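**Q** Pasting a structure here, questions to come.
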Amino acid sequence: MHQLTIEPGRAEHHYWKDLWKYRELFYFLAWRDLLVRYKQTLVGIAWAFLRPALTMMVLTVVFGKFAKLPAAGVPYPILVLCGMLPWQFFSTALAECGNSLVHNSSLVSKIYFPRLIVPASSVIVSLVDFMVSASILALVLLWYQYLPSAHIFFLPLFVGLAFAAAFGVGLWIAAFMVRYRDFRLIVPFMVQIGFYITPVAYLYREVVPEKFLLLYALNPMVGVIDGFRWCVLGGQHVLYWPAQAITVGWTVLLITTGIWYFRRVERTFADVI
Amino acid sequence: MDHSVITVENLSKRYIIGHQRAPTDGVRHVIEAAVRSPFRWLRSRNQEKKAQREEFWALNDVSFDVKRGEVVGLIGGNGAGKSTILKILSRITEPTKGRIQLEGRSASLLEVGTGFHPELTGRENIFLNGAILGMSKEEIKRKFDEIVAFSEIEKFLDTPVKRYSSGMYVRLAFAVAAHLDPDILIVDEVLAVGDVTFQKKCLGKMQEAQARSRTVLFVSHNLSAVEAFCTRGIVLSKGRVVFDGPTKPAIQHYLDSLRGTRPPSYGDVIDLCAFGSRPDRYPPQLRTLRLYDETGRPLGGNLSAGAGMKATIHVELEQPAANVNAEISFLTLDGDRVCTASSAYEKCRDESRLSGSVVFRCEIPSLPLVAGDYKLNVGLYIGQTEADLVEDAARVAVSWSDYYGTGVAPMHGVFLLNNRWAVATAADMVLA
Ligand SMILES: Nc1ncnc2c1ncn2[C@@H]1O[C@H](COP(=O)(O)OP(=O)(O)O)[C@@H](O)[C@H]1O
Ligand SMILES: [Mg+2]
């Protein structure tokens, strides 16, 4: 017979087991968000293409043509896409993840499930968006007849890294947002600042002075984008190992503290949301 | 059979109120204050916390246990703590003290259509809602046809639910919930919506569950549903159990306590702001209710059967809105709605926007009720949604009158029916 004890602090005991038990709800929430996203209009899908395509063009013109930043012999649009795709994935995942609990407040206050499911499934949606927009990269590579190196097989690794980093930050934001609603005003601002200190539209090693390089690499997305360029551009781009180490370090830290903090405050979500 | 499936021991729940709602609590303020003078901020933060944090015990040392197959009605006024108990039992929120032991799988239905997404079709929502209520995909697939048949919306299965009428929406939502098959079913106030026939159908479905010795914990404002359906009643007041026993005495206890806490108002001018019975989520927009007899003199809480009455409802709208309607419903003291007068039934004006102070005047030419006391609920609707509600705002004692002109007084039912009869012997009838 199924037995359950409810006591203060008791939720801890079966947390991970419950998470596994509720995996179907996790699929369903991701499925719902995707369905809604791609159902409303054709524009929904077109948008997933159009947004990165237009941004790519603008960035190429502004940074490549006007500012004439160095491209190390790589077509500028490819260089931009390698930075922009992971950045857009990271920033939308983080924002969606951060908003997810508040968006699903009726679920949180009316049914039980491990709350971790909600932010996790929202990141999945951003991942699918990312895959759709990533097909632009394939088109551009074809257009320039640019054959990526064999490193391309490592790409999923870096996508995973971006995913984990976004999830880590998103967890903190989501938990914060439940209590401090106007945190949602701060997130777009963070994303905007992030865009400038992240090598989205330029090759940072050509731009950032050597002595500041390590400081610059403290931004976890530097490692991810570095990795992306290494995967696609191959030999022309050497992996900057310190940035990789820092990013992995950040990600582990963010995820563990994110989950820790989230779980600490999650039992009061239903009361304050 | 007399095995306890729910054991609740010394359950208490404390809410901290006021704190997170304080205007200075936004992040911007916190950052601003912290940046300006960090030390003062740290110090003041601790003090503020103490000052602003107000503790509130929504449940206070509640204990009871429920045996397998029992159908228990939780009864109590607004804010008594009924929903809080159900939320703790459903693990949505943690208790502050105490312990609960549950045996068997439980499913909770705290709201109709939780997780329904307006953009998705009926079919998609059945799967989504099923998963949310704890059914597995296989289970939903297996019961899918049954759910659809129960909801009576076959034709609209592939229409987004945003196009559904509210009746269809509720039917679909109930249909999914009605096919949950847990050992313990926890239901909160969900029968308040939906039309009466459908409610009956749902109760029937739940009774089926009971027949299979399911345990049900049931909250409803509808005391006759509680009486018909429950085998036991637990009365809560201010977070404590004040009565636990058979349903009928439980309901009686609750009704008596209502009389005790606030003498029912048989007055003429009723200040609707003062009512604690208003659901917390509503800002008080209904302000005053005035009752008159048919000649325009104050009613005085008395009305002879079949006489007319007039009422005015003064409303202060929070925001300008179109399609604003007021209603007065008459209920028996058991909480059964007898009839409703609503400005929505009678297009008294075009659907223009109203704002600020609004007065609704209502005239009821005749109120043919059987002698007895009746409660009046006053409600305010904006569009289809309830914007304010004051339950038991006033009482009217309907006194006997010679309604039929024959000196005979009906004692049964609630309604005086106009009727004509002819009686004759069968032989006369044929001749005529
Ligand atoms: N999340 C919350 N934060 C603070 N107070 C709450 C919260 N939820 C409920 N309360 C308070 O607890 C009391 C009991 O509420 P509830 O259990 O919803 O009552 P009811 O019997 O009407 O269902 C009410 O006074 C309500 O204001
Ligand atoms: Mg309630």
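The values are calculated or read from the model by the stated rules, or taken from the named source; none is laboratory data. Computed from a predicted model, the values in this text were never measured in an experiment. Here the Cβ is made from the backbone with ideal geometry for all residues, glycine too, and neighbour counts use every protein chain on show. Each accessible area value is taken on the protein alone, full model and side chains, heavy atoms only, with ligands, DNA and RNA left out. Shrake-Rupley method; radii C 1.70, N 1.55, O 1.52, S 1.80 Å.
**Q** Counting just the residues of region B:73-99 that are of a type in the set (Gly, Ala, Ser) and more than 10 Å from ligand 1 (Cβ to nearest atom), which one comes out nearest to the chain's Cα centre (by Cα)?
**A** The first filter runs over region B:73-99 and keeps only residues of a type in the set (Gly, Ala, Ser), leaving B:73, B:76-77, B:79-81, B:83, B:90, B:98.
Narrowing further to those that are more than 10 Å from ligand 1 (Cβ to nearest atom): B:73, B:90, B:98.
On the way: B:GLY73: 14, B:SER90: 20, B:GLY98: 28 Å.
The qualifying residue nearest to the chain's Cα centre (by Cα) is B:GLY73.
**Q** Then there is this: Here are some conditions: (1) in a strand (DSSP E or B); (2) within 16 Å of ligand 2 (Cβ to nearest atom); (3) crowded, with 21+ Cβ neighbours inside 10 Å. B:PHE56 meets all but one. Which one does it not meet?
**A** (3)
**Q** Return yes or no: is A:SER100 among the hydroxyl-bearing types (Ser, Thr, Tyr), touching a residue at least 60 places away in the same chain (Cβ under 8 Å) and either within 22 Å of A:VAL232 (Cα to Cα) or not in a helix (DSSP H, G or I) (or both)?
**A** Details: among the hydroxyl-bearing types (Ser, Thr, Tyr): yes; touching a residue at least 60 places away in the same chain (Cβ under 8 Å): yes; either within 22 Å of A:VAL232 (Cα to Cα) or not in a helix (DSSP H, G or I) (or both): no.
No.
**Q** Taking B:ASP336 as the residue in question, decide whether it is closer than 16 Å to B:ILE313 by Cα, touching a helix residue (DSSP H, G or I) at 6+ places or on another chain (Cβ under 9 Å) and touching a residue at least 24 places away in the same chain (Cβ under 8 Å). Don't jump to the end; show me each part of the working.
**A** Details: closer than 16 Å to B:ILE313 by Cα: no; touching a helix residue (DSSP H, G or I) at 6+ places or on another chain (Cβ under 9 Å): yes; touching a residue at least 24 places away in the same chain (Cβ under 8 Å): yes.
The answer is no for B:ASP336.
Yes/no matrix, rows are residues, columns are (1) surrounded by 15 or more Cβ atoms within 10 Å (Cβ to Cβ); (2) more than 36 Å from the chain's Cα centre (by Cα); (3) not in a loop (DSSP other than H, G, I, E, B):
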{"site": "B:ALA387", "(1), (2), (3)": "yes, no, yes"}
{"site": "B:VAL396", "(1), (2), (3)": "yes, no, yes"}
{"site": "B:PRO410", "(1), (2), (3)": "yes, no, no"}
{"site": "B:ASN418", "(1), (2), (3)": "no, no, no"}
{"site": "B:ALA424", "(1), (2), (3)": "no, yes, no"}
{"site": "B:ALA427", "(1), (2), (3)": "no, yes, yes"}
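**Q** Take the residues of region A:106-125 that are open to solvent by less than 40 Å² (accessible area, probe 1.4 Å) and among the polar types (S, T, N, Q): which is nearest to the chain's Cα centre (by Cα)?
**A** Here the answer is A:SER122.
**Q** Return yes or no: is A:ARG205 away from chain B (no Cβ under 14 Å), modelled with pLDDT under 90 and either open to solvent by 40 Å² or more (accessible area, probe 1.4 Å) or under 18 Å from the mean Cα position of the chain (by Cα) (or both)? Break it down stepwise before answering.
**A** Values: away from chain B (no Cβ under 14 Å): yes; modelled with pLDDT under 90: yes; either open to solvent by 40 Å² or more (accessible area, probe 1.4 Å) or under 18 Å from the mean Cα position of the chain (by Cα) (or both): yes.
Judged against the criteria, A:ARG205 is a match.
**Q** Does any residue of region A:48-61 turn out to be open to solvent by 50 Å² or more (accessible area, probe 1.4 Å), more than 25 Å from the chain's Cα centre (by Cα) and of a type in the set (Lys, Arg)? Please lay out each step first, then the result.
**A** Looking only at region A:48-61, we keep the residues that are open to solvent by 50 Å² or more (accessible area, probe 1.4 Å), and these are A:49-51, A:54, A:57-58, A:61.
Next, only the ones that are more than 25 Å from the chain's Cα centre (by Cα) stay: A:61.
Okay, now just the ones that are also of a type in the set (Lys, Arg), so none.
No, region A:48-61 has no match at all.
**Q** Hey, another quick one. Among the residues in region B:19-26, are any part of a helix (DSSP H, G or I), within 10 Å of ligand 1 (Cβ to nearest atom), more than 23 Å from B:LEU258 (Cβ to Cβ) and at pLDDT 65 or above? Spell out the reasoning first.
**A** Within region B:19-26, the first condition is being part of a helix (DSSP H, G or I), and the residues that meet it are B:19-21, B:23-25.
Going one step further and asking which of them are within 10 Å of ligand 1 (Cβ to nearest atom), we end up with B:19-21.
Now narrow it down to the ones that are more than 23 Å from B:LEU258 (Cβ to Cβ): B:19-21.
Adding the requirement that they be at pLDDT 65 or above leaves none.
No, region B:19-26 contains no residue that is part of a helix (DSSP H, G or I), within 10 Å of ligand 1 (Cβ to nearest atom), more than 23 Å from B:LEU258 (Cβ to Cβ) and at pLDDT 65 or above.
**Q** Among the numbered conditions (1) touching a residue at least 12 places away in the same chain (Cβ under 8 Å); (2) open to solvent by 30 Å² or more (accessible area, probe 1.4 Å); (3) over 23 Å from B:PRO284 (Cα atoms), tell me where B:ALA322 comes up short.
**A** Among (1) touching a residue at least 12 places away in the same chain (Cβ under 8 Å); (2) open to solvent by 30 Å² or more (accessible area, probe 1.4 Å); (3) over 23 Å from B:PRO284 (Cα atoms), B:ALA322 violates only (3).
**Q** Separate question: Within region B:73-89, count every residue that is open to solvent by less than 10 Å² (accessible area, probe 1.4 Å), in contact with a helix residue (DSSP H, G or I) (Cβ under 9 Å, 6 or more places away or on another chain) and within 13 Å of ligand 2 (Cβ to nearest atom).
**A** Number satisfying all stated conditions: 3.
**Q** Being closer than 30 Å to B:TYR169 by Cβ and surrounded by fewer than 13 Cβ atoms within 10 Å (Cβ to Cβ) is true for just one of B:TYR345, B:TYR381. Which residue is that? Before the answer, list the steps.
**A** Numbers: B:TYR381 fails: surrounded by fewer than 13 Cβ atoms within 10 Å (Cβ to Cβ).
Testing whether each residue is closer than 30 Å to B:TYR169 by Cβ and surrounded by fewer than 13 Cβ atoms within 10 Å (Cβ to Cβ) leaves just B:TYR345.
**Q** Having 3 or more residues that are away from chain B (no Cβ under 14 Å) is the bar; report the helices (runs of 4 or more DSSP H) wholly within region A:1-83 that clear it. Steps first, answer last, please.
**A** Working: elements: A:15-21, A:23-39, A:42-59.
Ranges flagged: A:42-59.
**Q** Further question: Please specify each residue of region A:126-157 satisfying the condition of being open to solvent by less than 50 Å² (accessible area, probe 1.4 Å), more than 18 Å from A:ASP226 (Cβ to Cβ) and not hydrophobic (A, V, I, L, M, F, W, C).
**A** Within region A:126-157, A:SER126, A:ASP129, A:SER133, A:SER135, A:TYR146 qualify.
**Q** Still on this structure, please answer the following. What are the residue pairs meeting all of these: first residue in region B:204-232, first residue farther than 24 Å from B:THR7 by Cα and more than 16 Å from ligand 1 (Cβ to nearest atom), second residue outside any loop (DSSP other than H, G, I, E, B) and at pLDDT 80 or above, Cβ atoms under 6 Å, and 6 or more apart or on different chains?
**A** B:LYS205/B:ALA178
**Q** I'd like to know if region B:229-249 contains one or more residues that are under 27 Å from B:LEU133 (Cα atoms) and open to solvent by 40 Å² or more (accessible area, probe 1.4 Å).
**A** yes
**Q** Now a separate question. When you scan region A:197-241 for helices (runs of 4 or more DSSP H) that lie fully inside it, which ones turn up with 3 or more residues that are closer than 16 Å to A:LEU69 by Cα? Let's see the steps before the verdict.
**A** Working: elements: A:204-207, A:213-216, A:220-233.
In region A:197-241, the matching helices (runs of 4 or more DSSP H) lie at A:204-207.
**Q** Across region B:101-111, which residue is farthest from B:SER12 (Cα to Cα) among those that are within 16 Å of ligand 1 (Cβ to nearest atom) and surrounded by 23 or more Cβ atoms within 10 Å (Cβ to Cβ)?
**A** Residues of region B:101-111 within 16 Å of ligand 1 (Cβ to nearest atom): B:108-111.
Imposing the further condition that a residue be surrounded by 23 or more Cβ atoms within 10 Å (Cβ to Cβ) reduces the set to B:108-109.
Details: B:SER108: 20, B:LEU109: 22 Å.
Once the filter is applied, the top-ranked residue is B:LEU109.
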